[in-house]
Amino acid sequence: MFTAEKGLVMIPIFIASVSPFSGKNVICLGLGLKFKRDGYRVGYFKPVGFSPVYVEGVPTDEDAVFLSGALEVDMPLQSICPVVLTDDTFRRLMSGEELHVRQKTLAAFNRASQGNDIMITRGMGRLSSGTCLRFSELDFIKESGAKVIFADKFQSHIDMLDGFLYASKMLGEQLLGVVFNLVPPAQLNYAREVLAPFLKHNGITVLGIIPKDPILSAVPIREIVSVLNGKILCCEEKADELIEHFMIGAMSVESALSYFRKISNKAVITGGDRSDIQLAALETPTRCLILTGELLPSVAILGRAQEVGVPIVVVRSDTASTLDACENLSGYVSLHSKSKIQRAAEVVTREIDFKAVYQRLGLSK
């Protein structure tokens, strides 16, 4: 049992998911900020980091750096994320080296917990995650005594329900509840009227049904460039602007103009040789042009893009592959901007049943 200062019991809350890219960071941030507003001392912990970055020469996790900063956690990064899956770590693991993950993780969690009332802990995903490290998420949950919130994006209903029911079977009273995340507007009533009652009948509390939010799901141009290994040709100062929609430009100019005018805050993906489509996109509310096939635009197109302030990104992949990569990226909710932090706090506070959360944790507001 971990304790806060003065012998008070510290409450660990573990955020898990059935599938990747389910918005765990949004839940962690929203919960943490809400608890802090209500006067609780909140820490953050990520047992295993899988997005390695180096801070002052020390390997750590990108999300751990960001979320600990957003939650104003004053703790060394080695205590916030004690195990980072770098290439070197993986090679050592595959060679059979004992990495002492259990000991490192629990010792770091004990340090990170000191002085806090609540510890928000973010998992990699499934309860089995980390098994190859000889210390799975389920192992951590059991040893830390954490209460668990399972979140999942609203895609395959069967997989999601199976995951929630399996979690309930494995965790028992440690399962605090579940959250439907990234729910399309057309599916909200189905989630409320069909799925939530089904889970309630099976002894599982639905703590929230969070609609897909266009602002939270939007992707900065800079991240698109990074994922696609692309190059920005102009207007790089606009690289932090957010893309809410991706559209393919592979039709006639007349159709393209009508098509592009319907959607704003978009990136248009088209072949680098389709100057007619590129010009049509630049005459509509477009935030970014992504040109495929590693073909450069004409001087006229480049000049027009600079006039209207639209970045042009050139990538090597073909149009279909580029669209797939962009749509996968849009499923990952990046929070690395102040506007998104505020939005995440608003959405989670509005959509999560905090009365039920506090009641099940034995807390008062």
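The values are calculated or read from the model by the stated rules, or taken from the named source; none is laboratory data. All values derive from a computational prediction rather than experimental measurement. Reconstructed Cβ throughout: ideal geometry from the backbone, glycine too, with neighbour counts over all protein chains shown. Side chains are part of the model used for accessible areas, which takes the heavy atoms of the whole protein and leaves out ligands, DNA and RNA. Shrake-Rupley method; radii C 1.70, N 1.55, O 1.52, S 1.80 Å.
Scan region 316-326 and give yes if some residue there is assigned to a loop (DSSP other than H, G, I, E, B), out of contact with any helix residue (DSSP H, G or I) (no Cβ under 9 Å at 6 or more places or on another chain), charged (D, E, K, R) and within 28 Å of GLN155 (Cα to Cα), otherwise no.
The answer is yes, given that some residue of region 316-326 is assigned to a loop (DSSP other than H, G, I, E, B), out of contact with any helix residue (DSSP H, G or I) (no Cβ under 9 Å at 6 or more places or on another chain), charged (D, E, K, R) and within 28 Å of GLN155 (Cα to Cα).
If GLU236 meets every condition in (1) touching a residue at least 40 places away in the same chain (Cβ under 8 Å); (2) farther than 14 Å from GLY309 by Cβ; (3) of a type in the set (Asp, Glu) apart from one, which number is that one?
(2)
Take LEU77 and tell me if it is open to solvent by 10 Å² or more (accessible area, probe 1.4 Å) and at pLDDT below 90.
Values: open to solvent by 10 Å² or more (accessible area, probe 1.4 Å): yes; at pLDDT below 90: no.
Against the criterion (open to solvent by 10 Å² or more (accessible area, probe 1.4 Å) and at pLDDT below 90), LEU77 does not qualify.
If I filter region 314-324 for residues that are among the polar types (S, T, N, Q) and open to solvent by less than 10 Å² (accessible area, probe 1.4 Å), do I get at least one hit?
Checking region 314-324: at least one residue is among the polar types (S, T, N, Q) and open to solvent by less than 10 Å² (accessible area, probe 1.4 Å).
Restricting to region 244-293, name every residue that is among the β-branched types (Val, Ile, Thr), without any contact (Cβ under 8 Å) to a residue 60 or more places away in the chain, open to solvent by less than 10 Å² (accessible area, probe 1.4 Å) and within 28 Å of LEU182 (Cα to Cα).
Matches in region 244-293: VAL268, ILE269, THR270.
I'm checking my understanding of the structure. Among residues of region 1-50 that are at pLDDT below 85 and in a loop (DSSP other than H, G, I, E, B), which one is nearest to LYS365 (Cα to Cα)?
It comes out as LEU8.
Tell me, which helices (runs of 4 or more DSSP H) lie completely within region 73-140 with 3 or more residues that are within 23 Å of the chain's Cα centre (by Cα) and farther than 23 Å from ILE27 by Cβ?
none
Please go through region 94-124 and give me each residue that is aliphatic (A, V, I, L, M), modelled with pLDDT under 95, more than 23 Å from ALA167 (Cβ to Cβ) and open to solvent by 20 Å² or more (accessible area, probe 1.4 Å), ordered by number.
Once the filter is applied, which keeps residues that are aliphatic (A, V, I, L, M), modelled with pLDDT under 95, more than 23 Å from ALA167 (Cβ to Cβ) and open to solvent by 20 Å² or more (accessible area, probe 1.4 Å), region 94-124 yields only MET94.
I'm trying to understand the selection: among the residues of region 176-227, which are part of a strand (DSSP E or B) and open to solvent by less than 10 Å² (accessible area, probe 1.4 Å)?
If the condition is that a residue be part of a strand (DSSP E or B) and open to solvent by less than 10 Å² (accessible area, probe 1.4 Å), then LEU176, GLY177, VAL178, VAL179, PHE180, ASN181, VAL183, LEU207, GLY208, ILE210, VAL219 are the ones that fit.
Among the residues of region 141-153, which ones are open to solvent by 30 Å² or more (accessible area, probe 1.4 Å) and either part of a helix (DSSP H, G or I) or among the basic types (Lys, Arg) (or both)?
LYS142, GLU143, LYS147, LYS153
Looking at VAL65 and the list (1) open to solvent by less than 30 Å² (accessible area, probe 1.4 Å); (2) under 17 Å from the mean Cα position of the chain (by Cα), which single condition is not satisfied?
Unmet for VAL65, out of (1) open to solvent by less than 30 Å² (accessible area, probe 1.4 Å); (2) under 17 Å from the mean Cα position of the chain (by Cα): (1).
Take SER226 and tell me if it is under 30 Å from GLY271 (Cα atoms) and hydroxyl-bearing (Ser, Thr, Tyr).
Yes: the conditions hold for SER226.
If I ask for residues that are under 16 Å from LYS24 (Cβ atoms), touching a residue at least 60 places away in the same chain (Cβ under 8 Å) and open to solvent by 10 Å² or more (accessible area, probe 1.4 Å), which ones from region 154-168 would you list?
GLN155, GLY163
Given PHE260, PHE198, PHE246, which one is in contact with a Cys (Cβ under 6 Å, 6 or more places away or on another chain) and among the aromatic types (Phe, Trp, Tyr)?
On the way: PHE260 fails: in contact with a Cys (Cβ under 6 Å, 6 or more places away or on another chain); PHE198 fails: in contact with a Cys (Cβ under 6 Å, 6 or more places away or on another chain).
Answer to the selection: PHE246.
Does TYR54 satisfy the criteria of being over 14 Å from the mean Cα position of the chain (by Cα) and open to solvent by 10 Å² or more (accessible area, probe 1.4 Å)?
yes
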